[in-house]
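Undergrad: One structure, pasted below without further comment.
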Amino acid sequence: MEEYIVQDGKRLRLGYTTGSCAAAAAKAAAWMLLTGTMKENIALDTPKGIRLELAVKEISITLNSVSCAIEKDSGDDPDVTKGTLIFATVSRSEVPGVSIDGGFGIGRVTKGGLDQPVGNAAINSVPRRMIRENVEEVMALTDYHGGISVVISAPEGEELAKKTFNPRLGIVGGISILGTTGIVEPMSEKALVDTIRVELRQRRASGADYVLLTPGNYGSDFIRNELGLDMKIAVQVSNFIGDALDICKELGFKGALLIGHIGKLVKIAGGMMNTHSKYGDCRMEILAAHAGAAGAAKETVEQILDCVACDDVLRILRDAELCEDTMNRVIDRVRFHLQHRSDEMEIGALTFSKEYGILGKTGNVDELLTKITEE
């Protein structure tokens, strides 16, 4: 792939996701199965709008099926799956439509709270849609109206998965097929922090003394839909909570309010000021500790430690009538760590879940919101 972006003065090559690999392999295999002709290159339109032209590898044709692979290329982004082969085996089926499953090296979901239900192959929603739409395109072109079975596999997947969070998330047996845009964009942390700095500097230069911060899209949606505020007043800081507070302090802000999903803010309760998963995932341990301090029984704590999603923990806490006490403890520790990083700045925090709404907030949230919106 020869598409580039420039970050920190460096020209970085884009790549494509395992989802794009799986969809392209399925499309190529479907073409060869339904036309009886070889396909050594395949075109794929990604959700990002970038068209890929990919080499088809490891072609195997039998009487009833075709298998082929696409090599994962993550460009200049470091990725454990870079260079691995993602296979698709396509065969005719008596079941109408396109059925999709995972084979060897593709993980299977064993715990709730993930993109796919328990028992499904760990092929996320967007890659599934890409696979189905591309196979359906071939079916339409060849005037085929029967069923098609697609099985995605990755021979190196089981070993590669040991280097990911999959085992911890309850995804067993291999890697996940991921991607929401089909394209991998190399990430420069410095470039992202610099972007945050520019936006905060602009706010300060316009006379703002107080600022509303949110990690990302969940927080933005909550601010807009639940609080009824214009998202223009908020600054998205991604995972860089600590860096954003450092910049606020440097620029002379008097105060900051952080509004974020519990999945992000619970990490701050453990002192993690960069909430990216590559730095760790302590969510269940922190929630379990605070639940225990709030009076949870040993069995409840063990249940929490076995969860993979925060909403699962919240359901357990609500059933045990411990949600409010636990969340009050969590938000208090969030405030403690934010305040420690911010010195004399006035700090507030609010956390929520999409399913259960507001979970906890510091006592000064309403006051800070007033100061932010009136500036």
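Undergrad: For the stretch 294-329, which residues satisfy the criterion of being of a type in the set (A, V, I, L, M) and open to solvent by 60 Å² or more (accessible area, probe 1.4 Å)?
TA: Narrowing the stretch 294-329 to residues of a type in the set (A, V, I, L, M): 294, 296-297, 301, 304-305, 308-309, 313-314, 316-317, 320, 322, 327.
Correct list: Leu305 only.
Undergrad: Pull out all pairs, ordered by first then second residue, where Cβ-Cβ is under 7 Å, the residues are six or more apart or on different chains, the first lies in the stretch 348-375 and is under 19 Å from Phe336 (Cα atoms), and the second is in a strand (DSSP E or B) and among the hydroxyl-bearing types (Ser, Thr, Tyr).
TA: Between residues of the stretch 348-375 that are under 19 Å from Phe336 (Cα atoms) and residues that are in a strand (DSSP E or B) and among the hydroxyl-bearing types (Ser, Thr, Tyr), the close pairs are Leu359/Thr351; Leu359/Ser353; Gly360/Thr351; Leu368/Tyr210.
Undergrad: Kindly list, by first and then second residue, each pair from a residue in the stretch 121-132 that is assigned to a loop (DSSP other than H, G, I, E, B) to a residue that is of a type in the set (Ser, Thr, Tyr), limited to pairs with Cβ atoms under 6 Å and residues at least 6 apart or on different chains.
TA: Going by the 6 Å Cβ cut-off, the qualifying pairs are Ala122/Ser176.
Undergrad: Name the single residue, out of those in the stretch 234-255 being of a type in the set (Gly, Ala, Ser) and farther than 20 Å from Glu189 by Cβ, that is surrounded by the fewest Cβ atoms within 10 Å (Cβ to Cβ).
TA: Let us first name the residues in the stretch 234-255 that are of a type in the set (Gly, Ala, Ser), namely 234, 238, 242, 244, 252, 255.
If we keep only those that are farther than 20 Å from Glu189 by Cβ too, we end up with 234, 252, 255.
Details: Ala234: 21, Gly252: 9, Gly255: 19.
Applying the filter and picking the extreme gives Gly252.
Undergrad: Does the stretch 56-99 hold any residues that are in contact with a strand residue (DSSP E or B) (Cβ under 7 Å, 6 or more places away or on another chain), more than 30 Å from Lys10 (Cα to Cα) and of a type in the set (A, V, I, L, M, F, W, C), and which are they?
TA: Of everything in the stretch 56-99, those that are in contact with a strand residue (DSSP E or B) (Cβ under 7 Å, 6 or more places away or on another chain), more than 30 Å from Lys10 (Cα to Cα) and of a type in the set (A, V, I, L, M, F, W, C) turn out to be Val56, Ile59, Val66, Cys68, Ala69, Phe87, Ala88, Val90, Val95, Val98.
Undergrad: Further question: With the requirement that a residue be surrounded by fewer than 20 Cβ atoms within 10 Å (Cβ to Cβ), touching an Asp or Glu at 6+ places or on another chain (Cβ under 6 Å) and at pLDDT 95 or above, what does the stretch 103-113 give you?
TA: none
Undergrad: Further question on the same structure: Could you tell me which of the residues Ala29, Ala22 is over 22 Å from the mean Cα position of the chain (by Cα), touching a residue at least 12 places away in the same chain (Cβ under 8 Å) and either part of a helix (DSSP H, G or I) or more than 23 Å from Val126 (Cα to Cα) (or both)? First the steps, then the outcome.
TA: Values: Ala22 fails: over 22 Å from the mean Cα position of the chain (by Cα).
Going through Ala29, Ala22 in turn, just one is over 22 Å from the mean Cα position of the chain (by Cα), touching a residue at least 12 places away in the same chain (Cβ under 8 Å) and either part of a helix (DSSP H, G or I) or more than 23 Å from Val126 (Cα to Cα) (or both): Ala29.
Undergrad: Checking Gly113 against (1) of a type outside the set (Asp, Glu); (2) in contact with a strand residue (DSSP E or B) (Cβ under 9 Å, 6 or more places away or on another chain); (3) touching a residue at least 40 places away in the same chain (Cβ under 8 Å); (4) not in a strand (DSSP E or B), only one condition comes out false. Which one?
TA: Every listed condition holds for Gly113 apart from (2).
Undergrad: Could you check the stretch 134-152 and list, in sequence order, the residues that are acidic (Asp, Glu) and either touching a residue at least 40 places away in the same chain (Cβ under 8 Å) or surrounded by fewer than 14 Cβ atoms within 10 Å (Cβ to Cβ) (or both)? If you could, list the steps in order and put the result at the bottom.
TA: First pass over the stretch 134-152, keeping only residues acidic (Asp, Glu): 136-137, 143.
Correct list: Glu137, Asp143.
Undergrad: Still on this structure, I have one more. Show me the strands (runs of 3 or more DSSP E) found entirely inside the stretch 39-102 where at least 2 residues are surrounded by 16 or more Cβ atoms within 10 Å (Cβ to Cβ).
TA: On the way: elements: 41-45, 51-55, 57-61, 65-71, 85-93, 98-102.
Passing ranges, in order: 41-45, 51-55, 65-71, 85-93, 98-102.
Undergrad: Follow-up question, since we're still on this one. If you check Ile247, Ile177, which single one turns out to be at pLDDT 90 or above and in contact with a Pro (Cβ under 6 Å, 6 or more places away or on another chain)?
TA: On the way: Ile247 fails: in contact with a Pro (Cβ under 6 Å, 6 or more places away or on another chain).
The conditions single out Ile177.
The rows are residues; the columns are (1) among the hydroxyl-bearing types (Ser, Thr, Tyr); (2) out of contact with any strand residue (DSSP E or B) (no Cβ under 7 Å at 6 or more places or on another chain); (3) under 30 Å from Phe253 (Cα atoms).
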{"site": "Val118", "(1), (2), (3)": "no, no, no"}
{"site": "Val126", "(1), (2), (3)": "no, yes, no"}
{"site": "Glu133", "(1), (2), (3)": "no, yes, no"}
{"site": "Gly157", "(1), (2), (3)": "no, no, no"}
{"site": "Val193", "(1), (2), (3)": "no, yes, yes"}
{"site": "Glu199", "(1), (2), (3)": "no, no, yes"}
{"site": "Leu213", "(1), (2), (3)": "no, no, yes"}
{"site": "Phe222", "(1), (2), (3)": "no, no, yes"}
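Undergrad: Has the stretch 175-191 got any residue that is in a helix (DSSP H, G or I) and within 16 Å of the chain's Cα centre (by Cα)? So that I can check it myself, show each step before the final result.
TA: Residues of the stretch 175-191 in a helix (DSSP H, G or I): 189-191.
Adding the requirement that they be within 16 Å of the chain's Cα centre (by Cα) leaves none.
Within the stretch 175-191 (the criterion being in a helix (DSSP H, G or I) and within 16 Å of the chain's Cα centre (by Cα)), the answer is no, since none of the residues qualifies.
Undergrad: Quick check on the stretch 221-233: of everything there that is surrounded by 16 or more Cβ atoms within 10 Å (Cβ to Cβ) and within 21 Å of the chain's Cα centre (by Cα), which residue is nearest to Gly263 (Cα to Cα)?
TA: Phe222
Undergrad: Filter the stretch 43-58 for residues that are farther than 24 Å from Ala122 by Cα and in contact with an Asp or Glu (Cβ under 9 Å, 6 or more places away or on another chain) and give the result. Outline the logic, then answer.
TA: In the first step, residues of the stretch 43-58 are kept if they are farther than 24 Å from Ala122 by Cα; the result is 43, 49-51, 53, 55.
Answer for the stretch 43-58, where residues must be farther than 24 Å from Ala122 by Cα and in contact with an Asp or Glu (Cβ under 9 Å, 6 or more places away or on another chain): Ala43, Ile50, Arg51, Ala55.
Undergrad: Looking at (1) surrounded by fewer than 20 Cβ atoms within 10 Å (Cβ to Cβ); (2) at pLDDT 90 or above, which one does Arg168 not meet, given that it meets all the others?
TA: (2)
The values are calculated or read from the model by the stated rules, or taken from the named source; none is laboratory data. In this text, all values refer to a predicted model and were calculated from it rather than measured experimentally. Cβ: placed from backbone, ideal geometry, glycine included. Neighbour counts: every protein chain shown. Heads up: the accessible areas ignore ligands, DNA and RNA and are worked out on the full protein's heavy atoms, side chains in. Shrake-Rupley method; radii C 1.70, N 1.55, O 1.52, S 1.80 Å.
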